[in-house]
Amino acid sequence: MARYVGADCRLCRREGIKLFLKGDRCYTDKCGVERRPYPPGQAGKRRPRDSEYRLQLREKQKAKRIYGLLEKQFRNYYDIATRQSGITGENLLRLLESRLDNVVYRLGFAASRDEARQLIRHGHFLVEGRRVTIPSFRVRPGQTVAVAEKSKDLTVIKAAIISSSKVEIPGWLEVDVEKLAGKVLSLPNREQIDAPVREQLIVELYSK
């Protein structure tokens, strides 16, 4: 399966904001955006021309990079969102937030979505008591996500939990740190999604 294998910090620099793709590193002075606050490449320091298309494209690219998706995957989510009732942009973000890798990250069991994907693929998480190894698995309201018994002593998970203690768990999730388990209480509304994305621009781009 195709995936991005380049430097994560380049993605943040391209969008001009921290996308928090590297876990704890993003909170230190080693962060690429802090050290070089301009886009990568030889033309990085030039001021780009603002246009409607550029703004729409940048919002789409930003959303893709935050959730770690490639174009085909992202477009598939958009197509699903258009078929649902309600506001398409908000539907899109709800679909992305309900991915298992995002839920694991939001619960604080992984330092980043990339780390969550790797842990899921290696079989370290259970959904409703069953092992799930597909990061894109859509978690439904009422379902529980837990660390597998054999994985509870993993250093990477323990470190993520300590780090996530500084971050507030979203209101649409409930976590039991002692049992290393969490529950999806409901699908998030827009106010509960802190992704710095103007989703309406994405809808406008795909609607052309």
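The values are calculated or read from the model by the stated rules, or taken from the named source; none is laboratory data. On a predicted model such as this, the values are computed, not experimentally measured, just so you know. Methodologically, a virtual Cβ is constructed for each residue, glycine included, from the backbone with ideal geometry; neighbour enumeration extends over all protein chains shown.
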(request) Taking only the range 35-63 into account, find how many residues are outside any helix (DSSP H, G or I) and at pLDDT below 85. (result) 15
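For the range 75-109, give me the residue count where each residue is more than 21 Å from SER186 (Cα to Cα) and surrounded by 19 or more Cβ atoms within 10 Å (Cβ to Cβ).
0
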(request) With respect to VAL197, determine if the residue is hydrophobic (A, V, I, L, M, F, W, C) and not assigned by TED's automatic domain parsing to the domain that holds LEU119. (result) yes
(message) Which numbered condition in (1) aliphatic (A, V, I, L, M); (2) touching a residue at least 24 places away in the same chain (Cβ under 8 Å); (3) touching a strand residue (DSSP E or B) at 6+ places or on another chain (Cβ under 9 Å) is the only one that ALA116 fails?
(response) (2)
(request) Check off (1) in contact with a helix residue (DSSP H, G or I) (Cβ under 8 Å, 6 or more places away or on another chain); (2) buried (at least 16 other Cβ atoms within 10 Å of the Cβ); (3) within 20 Å of TYR67 (Cα to Cα) for SER164 and give me the number that stays unchecked. (result) (1)
(request) Name the residue, out of GLU149, GLU174, that is out of contact with any Leu (no Cβ under 8 Å at 6 or more places or on another chain), surrounded by fewer than 21 Cβ atoms within 10 Å (Cβ to Cβ) and charged (D, E, K, R). (result) GLU149
(message) Here is a list: SER186, SER165. Which entry is in contact (Cβ under 8 Å) with a residue 24 or more places away in the chain and more than 25 Å from ASN76 (Cβ to Cβ)?
(response) SER165
(message) Can you go through ALA81, ALA146, ALA160, ALA111 and tell me which one is closer than 15 Å to LEU180 by Cα and either at pLDDT 95 or above or touching a strand residue (DSSP E or B) at 6+ places or on another chain (Cβ under 6 Å) (or both)?
(response) ALA146
